[in-house]
Amino acid sequence: MNIRDLEYLVALSEHKHFRKAAEACYVSQPTLSGQIRKLEDELGVSLLERTSRRVLFTDAGLSLVAQAQKVLLEVKILTELASLQGESMAGPLHIGFIPTVGPYLLPQIIPTLKEAFPELELFLHEAQTHQLVQQLEEGKLDCMILASVKESEPFIELPLYDEPMMLAVPETHQWAQEKEIDMSRLHGETLLMLEDGHCLRNQALGFCFAAGARDDGRFKATSLETLRNMVAAGSGITLLPQLATPKEHCRDGVCYIEAEHPQPTRLITLAYRPGSPLKSRYEKLAAVIKAKMPTIFEKHVQQ
């Protein structure tokens with residue numbers, strides 16, 4: 001038994017398909033299949049149900065997968081311990097981003113990070129919060145940048161910035177020409193929202209419910225761009241993170257208004273596993289991003 005065999009086993013449990021698991025491990029399907037069978041022979045137990053057309057694990061197989069995930073995480077930590085305790089800002093770094101942050105923050109900070117840490121090899125992964133949390137727990141990600149929520153509490157979180165949310169309305173809306181709006185005026189209004197799974201949905205709903213507004217149960221968007229297009233089409237109003245809005249008051253059929261009393265905001269953090277020997281690396285990364293944010297927000301001041 002070796003570490004590579006455990007990687008094959010975990011990949012097969014994730015993809016539930018021999019070819020896809022082999023592709024994920026950058027080996028041929030016969031190689032992966034052969035190593036799985038070799039692992040079964042060595043352990044003396046059946047890990048898979050061979051009669052099924054699907055990849056089904058036996059109880060022994062599921063138990064081994066769970067233990068293999070723990071072993072691989074410990075191996076990753078061991079590797080991190082050998083990397084000068086994170087003091088060196090060089091080598092690969094896998095960072096996860098939520099969809100409501102990544103597309104709007106990354107173009108702003110990647111050039112700065114590359115300039116500050118030219119030897120750092122960045123790998124960027126976009127997924128919803130619950131997926132990022134699982135990937136960080138399993139050691140597939142080194143850290144993640146997301147809105148601070150209950151699911152991120154088990155990790156160490158380094159605050160990066162507080163991001164205001166803007167009210168987005170169609171250009172034909174009665175509020176379209178207003179620069180600011182009191183949240184109390186949303187009482188009785190119906191807002192378009194993201195689908196379940198996006199943490200921004202729950203955060204925006206919290207402010208809407210407090211203001212006496214409700215979400216539109218007939219429609220749930222898959223992305224911020226879908227929300228924006230629905231607003232442009234005159235289908236409703238919504239709240240959007242400031243970095244996802246243009247500096248112009250109105251653009252492409254949508255007008256953006258500063259909400260206040262209270263101002264809806266969300267805290268964006270960089271999260272990593274407690275006890276990680278790469279603590280210093282994450283702190284340096286967070287410090288550079290945090291220092292850059294005032295300049296980024298200045299670009300989004302409406303004209």
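What to note about this one:
- Look at where the Cα atoms of the stretch 1-43 and of the stretch 203-276 average out, and the two centres are 43 Å apart.
- Between Asp252 and Lys16, the modelled label-to-label distance comes to 3.6 nm, taking each label 7 Å out from Cα in the direction of the beta carbon.
- Normalised per residue, the accessible area of the chain is 49 Å², obtained with a 1.4 Å probe and no contribution from ligands, DNA or RNA.
- Measuring gaps between exposed loop sites in the chain (trypsin sites (Lys or Arg not before Pro); DSSP loop; at most 14 other Cβ atoms within 10 Å), the longest gap, sites not included, is 55-178.
- C-alpha long axis of helix 59-81 to longest principal axis of the chain, angle in °: 70
- Computed from Cα positions, the angle between helix 29-43 and the longest principal axis of the chain comes to roughly 60 degrees.
- Here the gap between His130 and Arg37, fully extended at 0.36 nm per residue and compared with their Cα-Cα distance, gives a gain of 30.2 nm.
- Tensor-based shape of the stretch 150-303 (alpha-carbon gyration tensor, a/c under 1.5 rounded, otherwise prolate or oblate): prolate
- Put simply, when 202-212, 118-128, 164-174 are sorted by average Cβ atoms within 10 angstrom per residue, most first, you get 164-174, 202-212, 118-128.
- Each of Lys114 and Glu298 was given a label point 7 Å from its Cα along the Cα-to-Cβ line. The distance between the two points is 2.3 nm.
- Nearest-ten-degree value, helix 279-298 long axis tilted from longest Cα axis of the chain: 20
- Each other residue within a Cβ distance under 12 Å of Met1 adds +1 if Lys or Arg and -1 if Asp or Glu, for a net charge of -3.
- For a 4.7 Å threshold on C-beta separation, the list of partnerless cysteines in the chain reads Cys25, Cys143, Cys199, Cys208.
- Gyration tensor (Cα) of the stretch 1-73, equivalent ellipsoid semi-axes in angstrom: 15, 15, 12
- Normalised by residue number, the volume inside the convex hull of the Cα atoms of the chain is 160 Å³ per residue.
- Global geometry of the stretch 211-250, whether rounded, prolate or oblate, following the gyration tensor of its Cα atoms and the 1.5 cut on a/c: prolate
- Förster-model FRET efficiency, 51 Å R0, Gln263 and Ile77, C-beta, rounded to 0.05: 0.80
- Net charge contributed by nearby residues that have their C-beta within less than 13 Å of Cys250 (K/R +1, D/E -1): 0
- Radius 12 Å from Cβ of Pro164, net charge of other residues (Lys, Arg +1; Asp, Glu -1): -4
- The alpha carbon gyration tensor of the stretch 229-277 gives principal lengths a ≥ b ≥ c with a/c of 1.5 or higher and a/b greater than b/c, which makes the shape prolate.
- Carbon and sulfur %, accessible surface of the stretch 252-303 computed with the full protein complex present, 1.4 Å: 53
- What the Cβ-Cβ distance of Tyr26 and Lys70 gives, at R0 = 30 Å and to the nearest 0.05, is a FRET efficiency of 0.80.
- Choice from Ser223, Ser33, Ser88 showing the highest fluctuation, given a GNM over the chain with Cα pairs closer than 10 Å: Ser33
- At 1.002 mPa s and 20 °C, Stokes D of the stretch 6-159 from Kirkwood alpha-carbon radius, µm² per second: 121
- Accessible-area composition of the stretch 15-58, carbon plus sulfur, in percent [1.4 Å probe]: 49
- Pairs from the table (Lys16/Lys70; Lys20/Lys150; Lys150/Lys220) lying more than 28 angstrom apart at Cα are Lys20/Lys150.
- Length-normalised contact order of the stretch 242-303 in % [C-alpha pairs under 8 Å, at least 6 apart]: 63
The values are calculated or read from the model by the stated rules, or taken from the named source; none is laboratory data. In this text the structure is predicted, and so the values were computed from the model without any measurement. Neighbour counts run over all protein chains shown; Cβ positions are idealised from the backbone, glycine included. Areas reflect the complete protein model, heavy atoms only, side chains present, ligands, DNA and RNA absent. Shrake-Rupley method; radii C 1.70, N 1.55, O 1.52, S 1.80 Å.
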